[in-house]
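Chemist: Shown below is the structure under consideration.
The values are calculated or read from the model by the stated rules, or taken from the named source; none is laboratory data. Just so we're clear, the structure is a prediction, and the values are computed from it rather than from any experiment. Neighbour counts are summed over all protein chains in view; Cβ atoms, including those assigned to glycine, are modelled from backbone coordinates with ideal geometry. SASA here: full protein model, heavy atoms, side chains in, ligands and nucleic acids out. Shrake-Rupley method; radii C 1.70, N 1.55, O 1.52, S 1.80 Å.
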Amino acid sequence: MYNISKYHGCGNNFVIMQEAELAEQLGVPRGEASADAYAKFAARVCGESVGVGADGFIIVRTEPVLEMVFFNRDGSRAPMCGNGIRCFAHYCRDHKIRTGDAYPVKTLAGDMVVEVKSTDPFRAQIDMGCPIFDPAAVCVESDAPDLLELELSLKDGNTLTVSSLFMGTIHTVLFVDDVEADWIETLGEEICNAPTFAEKTNVNFVKVLDDHTLQMITYERGVGMTQACGTGACASVVTAARKGLCSKTAEVILPLGSLKIEIKDDGHVMMEGPSVHVLEGKLY
């Protein structure tokens with residue numbers, strides 16, 4: 001029997017467990033040596049038929065430092081998750097793992113600094129670090145200095161210009177006139193799995209509403225269409241700002257909420273948004 005919690009950030013939902021209990025229940029040692037066992041459990045717990053149903057699985061590692069270990073719903077590992085880290089912070093507050101308002105969290109994408117802005121309702125701002133434009137960070141072979149004008153060949157023979165970068169994880173941004181178009185999911189899946197991207201890519205479809213407002217929907221690698229993507233919101237504002245389509249401070253409208261994104265003068269990207277506690281339960 002596993003004690004589980006579920007949280008969501010703008011509809012992007014996660015099952016969360018502490019590593020100490022998970023490792024004990026699975027009969028494995030704590031740490032990276034058990035990553036394969038954790039991945040299999042993640043796919044099980046995130047499945048609607050045999051588990052709870054979630055976009056991702058978060059493990060709270062407390063030793064030797066506080067760390068967020070993140071898996072997509074298919075069991076694949078991701079460096080980090082923007083909505084997930086706010087839910088991680090909310091869980092840490094609820095379970096008294098961290099009661100302070102500001103602290104670092106280790107991730108595979110580096111240390112992220114959490115700042116709790118309010119507790120009722122819960123809101124947190126995360127220093128997401130700086131975007132990386134080097135094609136190697138996106139696992140794309142290219143001699144270009146960046147991939148802000150990347151030409152992709154589609155299965156139908158047409159080409160498409162997209163922008164790709166690393167913002168906590170691999171992201172591709174495509175500007176569209178309608179984020180609710182019926183072809184979004186099909187195109188998102190094709191771009192995600194395009195041979196150009198050796199490690200696949202998250203795909204963000206973005207509509208610019210005005211200088212301070214974007215609307216976005218995301219096809220996440222290892223997940224599919226999701227209600228929200230925090231790192232994707234950051235990547236979308238970074239890309240739009242670089243192209244002169246919006247300012248360095250913008251609200252990103254998502255199907256079930258919004259995120260405030262700010263690009264600091266030093267290049268760091270700040271993300272602020274909510275987290276909601278959904279349930280506490282036991283998985284048998």
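Chemist: Starting from residues that are charged (D, E, K, R) and out of contact with any helix residue (DSSP H, G or I) (no Cβ under 7 Å at 6 or more places or on another chain), keep the ones in the range 87-116 and report whichever is surrounded by the fewest Cβ atoms within 10 Å (Cβ to Cβ).
Modeler: If we take residues in the range 87-116 being charged (D, E, K, R) and out of contact with any helix residue (DSSP H, G or I) (no Cβ under 7 Å at 6 or more places or on another chain), then Lys96 is surrounded by the fewest Cβ atoms within 10 Å (Cβ to Cβ).
Chemist: Of the residues Leu148, Leu174, Leu154, which single one is touching a Leu at 6+ places or on another chain (Cβ under 8 Å) and touching a residue at least 60 places away in the same chain (Cβ under 8 Å)?
Modeler: The conditions single out Leu148.
Chemist: Condition (residue is surrounded by 15 or more Cβ atoms within 10 Å (Cβ to Cβ) and under 27 Å from Glu32 (Cα atoms)) applied to the range 150-165: is it met by at least one residue?
Modeler: yes
Chemist: Working only within the range 120-147, note down all residues that are of a type outside the set (S, T, N, Q), in a loop (DSSP other than H, G, I, E, B) and open to solvent by 30 Å² or more (accessible area, probe 1.4 Å). Even if it seems obvious, please write down each step before you answer.
Modeler: From the range 120-147, those of a type outside the set (S, T, N, Q) are 120-124, 126-141, 143-147; that's our starting set.
From what's left, in a loop (DSSP other than H, G, I, E, B): 120-121, 128-131, 133-134, 139-141, 143-146.
The answer is Asp120, Pro121, Cys130, Phe133, Asp134, Cys139, Glu141, Asp143, Ala144, Pro145, Asp146.
Chemist: Here are the criteria: (1) of a type outside the set (D, E, K, R); (2) assigned to a helix (DSSP H, G or I); (3) touching a Leu at 6+ places or on another chain (Cβ under 9 Å). Tell me which single one His90 does not satisfy.
Modeler: (3)
Chemist: Which residue is farthest from the chain's Cα centre (by Cα), if the candidates are limited to the range 34-50 and must be closer than 17 Å to Asn12 by Cα and open to solvent by 20 Å² or more (accessible area, probe 1.4 Å)? Steps first, answer last, please.
Modeler: Step one: filter the range 34-50 for residues closer than 17 Å to Asn12 by Cα, giving 42-43, 45-48.
With open to solvent by 20 Å² or more (accessible area, probe 1.4 Å) added as a condition, the list becomes 43, 48.
Numbers: Ala43: 17, Glu48: 20 Å.
Per the stated criteria, the residue is Glu48.
Chemist: Show the residue pairs that are 6+ apart or on different chains and have beta-carbon atoms under 8 Å apart, the first residue being within the range 69-96 and free of Cβ contacts under 8 Å to residues at least 60 places away in the same chain, the second being surrounded by 24 or more Cβ atoms within 10 Å (Cβ to Cβ) and part of a loop (DSSP other than H, G, I, E, B).
Modeler: Note: pairs meeting the criteria are Phe70/Met80; Phe70/Cys81.
To keep it simple, each residue is scored yes or no on (1) of a type in the set (Val, Ile, Thr); (2) touching a helix residue (DSSP H, G or I) at 6+ places or on another chain (Cβ under 6 Å); (3) open to solvent by 10 Å² or more (accessible area, probe 1.4 Å).
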residue: Thr231; (1), (2), (3): yes, yes, no
residue: Val238; (1), (2), (3): yes, no, no
residue: Leu245; (1), (2), (3): no, no, yes
residue: Ile253; (1), (2), (3): yes, no, yes
residue: Leu259; (1), (2), (3): no, yes, no
residue: Val278; (1), (2), (3): yes, no, yes
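Chemist: Just name the residue that is surrounded by the most Cβ atoms within 10 Å (Cβ to Cβ) out of those in the range 74-86 that are out of contact with any Leu (no Cβ under 9 Å at 6 or more places or on another chain) and of a type in the set (Gly, Ala, Ser). Let's see the steps before the verdict.
Modeler: Start the filter on the range 74-86 by keeping residues that are out of contact with any Leu (no Cβ under 9 Å at 6 or more places or on another chain), which leaves 74-76, 81, 84-86.
Then keep just the ones that are of a type in the set (Gly, Ala, Ser); that gives 75-76, 84.
On the way: Gly75: 19, Ser76: 17, Gly84: 29.
The residue in question is Gly84.
Chemist: Let me ask another. Keeping to the range 188-205, report how many residues are without any contact (Cβ under 8 Å) to a residue 60 or more places away in the chain, open to solvent by less than 60 Å² (accessible area, probe 1.4 Å) and under 23 Å from Gly82 (Cα atoms).
Modeler: Here is the first cut: in the range 188-205, the ones without any contact (Cβ under 8 Å) to a residue 60 or more places away in the chain are 188-198, 200, 202-205.
Now restrict to residues that are open to solvent by less than 60 Å² (accessible area, probe 1.4 Å): 188, 190-192, 194, 196-197, 202-205.
This time we only want the ones that are under 23 Å from Gly82 (Cα atoms), so: 188, 191-192, 197, 202-205.
Counting residues in the range 188-205 that are without any contact (Cβ under 8 Å) to a residue 60 or more places away in the chain, open to solvent by less than 60 Å² (accessible area, probe 1.4 Å) and under 23 Å from Gly82 (Cα atoms) gives 8.
Chemist: Pairs needed: first member in the range 252-280, closer than 21 Å to Thr239 by Cα and free of Cβ contacts under 8 Å to residues at least 24 places away in the same chain; second member anywhere, assigned to a strand (DSSP E or B) and of a type in the set (A, V, I, L, M); C-beta distance under 6 Å; at least 6 residues apart or different chains.
Modeler: If the second residue must be assigned to a strand (DSSP E or B) and of a type in the set (A, V, I, L, M), the pairs left are Glu262/Met270.
Chemist: Out of Gln215, Gln227, I need the residue that is farther than 25 Å from Ser153 by Cα, touching a Cys at 6+ places or on another chain (Cβ under 7 Å) and either without any contact (Cβ under 8 Å) to a residue 60 or more places away in the chain or open to solvent by 30 Å² or more (accessible area, probe 1.4 Å) (or both). Which one? Talk me through it step by step, then tell me what you get.
Modeler: On the way: Gln215 fails: touching a Cys at 6+ places or on another chain (Cβ under 7 Å).
From the options Gln215, Gln227, the qualifying one is Gln227.
Chemist: Checking Arg221 against (1) open to solvent by 20 Å² or more (accessible area, probe 1.4 Å); (2) over 14 Å from the mean Cα position of the chain (by Cα), which test does it fail?
Modeler: (2)
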